[in-house]
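Visitor: The structure's right below; bear with me while I get my questions together.
The values are calculated or read from the model by the stated rules, or taken from the named source; none is laboratory data. Fair warning: this is a prediction, and the values are worked out from it, not measured in the lab. We place every Cβ from the backbone using ideal geometry, glycine too, and count neighbours over all the protein chains shown.
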Amino acid sequence: MNRPYQYMTKAMKLIRTFFLAGIIQGSKQGKVLYDQDYRKRIKVFLHKHFPESKIIDPVDTHPNSVDYDHQTGKKVFLEDIKDATQCDCMIAYIPEASMGTAIEMWECYQKGVPVWSITPMKENWAVKFLSNEIFESLDEFEKHLEKSSL
């Protein structure tokens, strides 16, 4: 459920670290990745509105994780979930279902870390009930940040 702009404006003053979650493989078969260009765009928005903040992006940290062996992949997966729960805010980009992002959202929800979701799936229960803010698109997210920064 989206909160009033006052919530977002107040929260924006407190955020120092973001975890950038989002679809990596989604429902693709094998070692095929979803286009990751959305990450660059989100980082530009965040740097503009939160210039002092740190952005943790697991794809930057582990760009070849799809090729990791089982043990390394599991370790990285669990570390990413832990990193998400230690941030001030998680951004979840989910244009379609993402099991990893859903787990990160759940863990952040359990720890009280705000989740801002960018997704057209506003009626999906995981999105609806675990998100503090829901934006239908990257454009809507950017406009909301602009309005909240005023």
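Visitor: Could you give me the residue pairs with C-beta distances under 8 Å whose first residue belongs to the stretch 34-49 and is more than 19 Å from I15 (Cα to Cα) and surrounded by 15 or more Cβ atoms within 10 Å (Cβ to Cβ), whose second residue is at pLDDT below 90 and not aliphatic (A, V, I, L, M) wherever it lies, and which are 6+ apart or on separate chains?
Guide: Close Cβ pairs satisfying both conditions: Y34/Q25; Y34/G26; Y34/K28.
Visitor: Are there any pairs with C-beta distances below 6 angstrom linking a residue in the stretch 122-133 that is in contact (Cβ under 8 Å) with a residue 24 or more places away in the chain to a residue that is among the hydrophobic types (A, V, I, L, M, F, W, C), with the two at least 6 apart or on different chains, and if so which?
Guide: Between residues of the stretch 122-133 that are in contact (Cβ under 8 Å) with a residue 24 or more places away in the chain and residues that are among the hydrophobic types (A, V, I, L, M, F, W, C), the close pairs are A126/A102; V127/M121; L130/M105; L130/V115; S131/V115; N132/V115; E133/W116.
Visitor: Please work out if A102 is buried (at least 17 other Cβ atoms within 10 Å of the Cβ) and more than 21 Å from S53 (Cβ to Cβ). Walk me through it before giving the result.
Guide: Working: buried (at least 17 other Cβ atoms within 10 Å of the Cβ): yes; more than 21 Å from S53 (Cβ to Cβ): yes.
In short, yes.
Visitor: If the Cβ limit is 6 Å and pairs must be 6+ apart or interchain, which residue in the stretch 98-112 that is in contact (Cβ under 8 Å) with a residue 12 or more places away in the chain pairs with which residue that is outside any helix (DSSP H, G or I) and aromatic (F, W, Y)?
Guide: none
Visitor: Condition (residue is surrounded by 15 or more Cβ atoms within 10 Å (Cβ to Cβ) and in contact with a helix residue (DSSP H, G or I) (Cβ under 8 Å, 6 or more places away or on another chain)) applied to the stretch 66-73: is it met by at least one residue?
Guide: Of all residues in the stretch 66-73, those surrounded by 15 or more Cβ atoms within 10 Å (Cβ to Cβ) come to none.
No, the stretch 66-73 contains no residue that is surrounded by 15 or more Cβ atoms within 10 Å (Cβ to Cβ) and in contact with a helix residue (DSSP H, G or I) (Cβ under 8 Å, 6 or more places away or on another chain).
Visitor: Any residue in the stretch 64-89 that's farther than 19 Å from I15 by Cβ: show its pairings with residues that are at pLDDT below 90 at Cβ separation under 6 Å, as long as the two are six or more apart or on different chains.
Guide: So the pair list comes out as V66/K31; V76/H62; V76/S65.
Visitor: Take the residues in the stretch 17-33 that are within 15 Å of A84 (Cβ to Cβ) and modelled with pLDDT under 90; name whichever of them is surrounded by the fewest Cβ atoms within 10 Å (Cβ to Cβ). Quick ask: steps written out before the conclusion?
Guide: Looking only at the stretch 17-33, we keep the residues that are within 15 Å of A84 (Cβ to Cβ), and these are 17-24.
Imposing the further condition that a residue be modelled with pLDDT under 90 reduces the set to 23-24.
On the way: I23: 23, I24: 18.
If we take residues in the stretch 17-33 being within 15 Å of A84 (Cβ to Cβ) and modelled with pLDDT under 90, then I24 is surrounded by the fewest Cβ atoms within 10 Å (Cβ to Cβ).
Visitor: Name the residues in the stretch 38-57 that are within 12 Å of F18 (Cβ to Cβ) and either among the charged types (D, E, K, R) or assigned to a helix (DSSP H, G or I) (or both), would you? Reasoning before the result, please.
Guide: To start, the set of residues in the stretch 38-57 that are within 12 Å of F18 (Cβ to Cβ) comprises 39, 42-43, 45-47, 49-50, 52-57.
Within the stretch 38-57, R39, I42, K43, F45, L46, H47, H49, E52, K54, D57 meet the criteria.
Visitor: Condition test on S131, is it modelled with pLDDT under 95 and crowded, with 22+ Cβ neighbours inside 10 Å?
Guide: Details: modelled with pLDDT under 95: no; crowded, with 22+ Cβ neighbours inside 10 Å: yes.
The answer is no for S131.
Visitor: Just to be sure I understand, how many residues within the stretch 109-121 are closer than 19 Å to I42 by Cα and in contact with a helix residue (DSSP H, G or I) (Cβ under 8 Å, 6 or more places away or on another chain)?
Guide: Step one: list which residues in the stretch 109-121 are closer than 19 Å to I42 by Cα, which gives 113-121.
After this cut, where a residue has to be in contact with a helix residue (DSSP H, G or I) (Cβ under 8 Å, 6 or more places away or on another chain) as well, the list is 113-119, 121.
Here the count works out to 8.
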